[in-house]
Amino acid sequence: MSSLTGRTALVTGGSRGMGAAIALRLAQEGADVAITYVHSEAAAQEVVAKIEATGRRGFAVRADAADAGDAAGAVERAADDLGHLDILVNNAGIGVLGPLADLSLADVDRVLAVNVRGVLLASQAAAGRLRDGGRIITIGSCMAQRVPGPGGALYATSKAALIGLNKALARELGGRRITANLVQPGPIDTDMNPADGPYAEGQSAMTALGRFGSADEVASLVAYLAGDEAAYITGTELSVDGGHAA
Ligand code: NDP
């Protein structure tokens, strides 16, 4: 029996990158998995097909994390359609990097709506639906710990906010054995941050291991946190960053 047999999960932003890898890994561990996406319907359906190829149930919901109704509604839909909810992975996120002076109000509102408000609202909805012993796992960023150069004000602000939220969730939900943890990836090879992109070399050099990580390397930590063996880990930040913060 796999470690997540009988569990159900919602992974936000599961159509590509880390979210897709996390959704597939949770299914491989035995969970039925719903994902959200906002633009990439075809990619989302490919992830669903891969989930179903493991023998688990999968489905995709179009839900914009920046929309308050969608953020909470995706949780309700996943819990209703899967029968119950055990695991919420708050993965959907966007990055707007650039000089402080160039940030528009629309940039600020959009990034905070997706990366912070959407996570808070999804977690609030999940708190009402998660079974006892459930999991809230949120994907933050190494930039909440170390901002390696100019241009990170908005993104780092959004990811640092998750540190407080995560601790508060752990305190609020611990009585029901629900754990809340924040995973802080370093540079991970995805569409958002390709390992052959213009800033890749500098990012690799900032890690102790001298390379980008893969989405699968993040997914394995998330799968561990989702499982029974991580039952006593809560309210903490875990880096999977190749030593970026070392
Ligand atoms: P990608 O850009 O590769 O994928 C983002 C995923 O999130 C896609 O599935 C996308 O859906 C979805 N998404 C984007 N905006 C929304 C939204 N408003 N509502 C719902 N879904 C949305 O990103 P990564 O996989 O690289 O990033 C995943 C998480 O990890 C993010 O929170 C990011 O901030 C964080 N992170 C990334 C790092 C990296 O180096 N890559 C480093 C540290 C943290 P669609 O396909 O429909 O657009």
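Please treat every number below as a calculation from the coordinates, not as lab data. All figures in this text were calculated on a predicted structure; none of them were measured in a lab.
To the nearest Å, what is the center-to-center distance of the range 144-199 and the range 5-54, using C-alpha atoms only?
If you average the Cα positions of each part, the centres end up 20 Å apart.
What would the Debye equation give as log₁₀ I(q)/I(0) for the range 8-233 at q = 0.08, 0.09, 0.13, 0.18 Å⁻¹, counting only Cα atoms as equal point scatterers?
Treating every Cα as an identical point scatterer, log10 I(q)/I(0) equals -0.26, -0.33, -0.71, -1.38.
Over the Cα atoms, compute the radius of gyration (one decimal) and Dmax (the largest Cα-Cα distance, rounded to a whole number) for the range 137-191, in Å.
According to the Cα coordinates of the range 137-191, Rg and Dmax are 13.0, 42 Å.
Binning at 10 Å from 0, report for the range 79-187 what percent of all alpha-carbon pair distances ends up in each bin.
15, 43, 28, 12, 2
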